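Novice: I'd like to ask you about the structure that follows.
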Amino acid sequence: MLGEYRIVGRRAAEIAASVERAVGSGELAPGQSLPPMRELATGLGVNPNTVAAAYRTLRERGIIETAGRRGSRVRPRPATTARGSIGVDAPPGVRDVSAGNPDPALLPPLHEALAAAARHHAERPGLYGQATVDPEFARLARAGLDADGIPAGPVAVTSGALDAIERVLAAHLRPGDAVAVEDPGWGGLLDLVPALGLRSVPMRLDDDGPLPGELDRALRAGVRAVVVTDRAQNPTGASVGKVRARELRALLAGRPEVLVIEDDHGHRIVDLPLYPLAGVTERWALVRSTAKAYGPDLRLAVLTGDAVTVDRVTGRQRLGPGWVSRLLQRAVVQLWTSGAVDARVVAGAYGARRDALVRALAERGVAAHGRSGMNVWVPVADETGAVARLLQAGWAVAPGARFRVAAPPGVRLTVSEMTADDIGPVADAVAAAAGPAPARGYG
């Protein structure tokens, strides 16, 4: 069962640490079974309750999972192995289209916004005891949410989208609870769920977002939460359309106890309308990061939701970082009010590059997906081989393993810094590397 590795320890913490060290070193492989608790307790000469406590710690850390009578095993992709580490290094002379970054040329300069924030701070210094959300930031954020039909709810600020999602999940769920996630989906989220001790239930999707049948299956399986990307889904570019939103809302309406989290990181970089799912269930949250439109290093996101959810998030936040810098909030206020980002221009630029690449691939017989955002997803028969062949051809792409749970193989290309002259060469290279198109599509 464990091969040559021997779990050691007398206390629960020591036993848990022994297993975690082995997972981190690779001596215990993903999916490998662990001994039954009583068997391990006998071997170690400890009480079975001690082993049970160790296994509970490992589950809460996202290292192992327990499947009833089938026992415990190392998670298929444990929290100690971040998906971000799955990739290729682009050597000199190789174009890197794997990173998922926005085009720096489309990001606004920050010096004027930061200077305006500094001037405001000089007049009204940020001190302990003040509101954690700048009033003008809250007003503008809420106005934008209202314009998109998002239900009324308080506004909070977090250090990016993943920070918001983690805080919302932790506010409502407990280790062992199941979360429905898109597959393929955002690698950061797919790492976060097991790291919180939660179970991922993958949902297949198409260009309109999660398939209704997949959401229905996940709900019937007893998921406690559902996470959906509204637009610019990473890595496929899917965007939830009007009909699909109606279908998903109808399913969620029958499960009012389920937590619904929406990620709208594509706000201000896409030109497709938002069709929110928010408000169908009792507990919901929607997060909008400033990363893609204004710069990843701002580390700031708008969070809204039902009053209980936002109150729990902000209450816990106060016991940790306290608040997200009001200087950064004022800088974003300046960016919003100055019109530093023209959403139509940004969306048009990404859309032109993305659509051109998808068309060029189609002309070469390669199916690709990229309805919105800055990424294109290409299903391939042999993921490892395709990545290697593209690297040899001068293009570093993101392996699909970074984004998949059970979905078929694929690769992701970020179009952010591609020029019109790049489209033909990269399409030629992908067509040569991809091989026969898989029949199952990308979800």
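Novice: When region 15-26 is examined, which residues are found to be touching a residue at least 24 places away in the same chain (Cβ under 8 Å) and either among the acidic types (Asp, Glu) or not in a helix (DSSP H, G or I) (or both)?
Specialist: Correct list: Glu20 only.
Novice: Further question: Within region 204-218, is even one residue over 25 Å from Leu106 (Cβ atoms), outside any loop (DSSP other than H, G, I, E, B) and of a type in the set (Lys, Arg)?
Specialist: Yes, because at least one residue in region 204-218 is over 25 Å from Leu106 (Cβ atoms), outside any loop (DSSP other than H, G, I, E, B) and of a type in the set (Lys, Arg).
Novice: State all residues of region 5-21 that are among the aliphatic types (A, V, I, L, M) and surrounded by fewer than 19 Cβ atoms within 10 Å (Cβ to Cβ); if no residue qualifies, say none.
Specialist: Matches in region 5-21: Val8, Ala13, Ala17.
Novice: Looking at Val287, Val324, Val270, can you tell me which residue is under 24 Å from Gln130 (Cβ atoms), in a loop (DSSP other than H, G, I, E, B) and modelled with pLDDT of 95 or more?
Specialist: Val324 is the lone residue from the list that is under 24 Å from Gln130 (Cβ atoms), in a loop (DSSP other than H, G, I, E, B) and modelled with pLDDT of 95 or more.
Novice: Just one of (1) out of contact with any Phe, Trp or Tyr (no Cβ under 8 Å at 6 or more places or on another chain); (2) in contact (Cβ under 8 Å) with a residue 24 or more places away in the chain trips up Pro135, so point out which.
Specialist: With (1) out of contact with any Phe, Trp or Tyr (no Cβ under 8 Å at 6 or more places or on another chain); (2) in contact (Cβ under 8 Å) with a residue 24 or more places away in the chain applied to Pro135, the lone miss is (2).
Novice: Between Val346, Val366, which is of a type in the set (A, V, I, L, M, F, W, C), at pLDDT 95 or above and closer than 30 Å to Ala116 by Cβ?
Specialist: When all the criteria are applied, what remains is Val346.
Novice: A follow-up question, please. Looking at (1) over 28 Å from Thr414 (Cβ atoms); (2) in a helix (DSSP H, G or I); (3) in contact with a Ser or Thr (Cβ under 8 Å, 6 or more places away or on another chain), which is the one condition that is false for Val193?
Specialist: So the condition that Val193 fails would be (1).
Novice: Please go through region 335-381 and pick out each residue that is surrounded by fewer than 17 Cβ atoms within 10 Å (Cβ to Cβ), of a type in the set (D, E, K, R) and closer than 20 Å to Gly400 by Cβ.
Specialist: If the condition is that a residue be surrounded by fewer than 17 Cβ atoms within 10 Å (Cβ to Cβ), of a type in the set (D, E, K, R) and closer than 20 Å to Gly400 by Cβ, then Arg364 is the only one that fits.
Novice: Right, here's the next one. Return the residues of region 138-162 that are under 17 Å from Leu328 (Cα atoms) and assigned to a loop (DSSP other than H, G, I, E, B); say none if nothing qualifies.
Specialist: Once the filter is applied, which keeps residues that are under 17 Å from Leu328 (Cα atoms) and assigned to a loop (DSSP other than H, G, I, E, B), region 138-162 yields Ser159, Gly160.
Novice: Can Arg255 be described as at pLDDT 95 or above, part of a helix (DSSP H, G or I) and charged (D, E, K, R)?
Specialist: Here the answer is no, as Arg255 does not meet what is asked.
The values are calculated or read from the model by the stated rules, or taken from the named source; none is laboratory data. Quantities reported herein were computed from a predicted structural model and do not represent experimental measurements. A quick note on method: Cβ atoms are made from the backbone with ideal geometry, for glycine too, and the neighbour counts reach across all protein chains shown.
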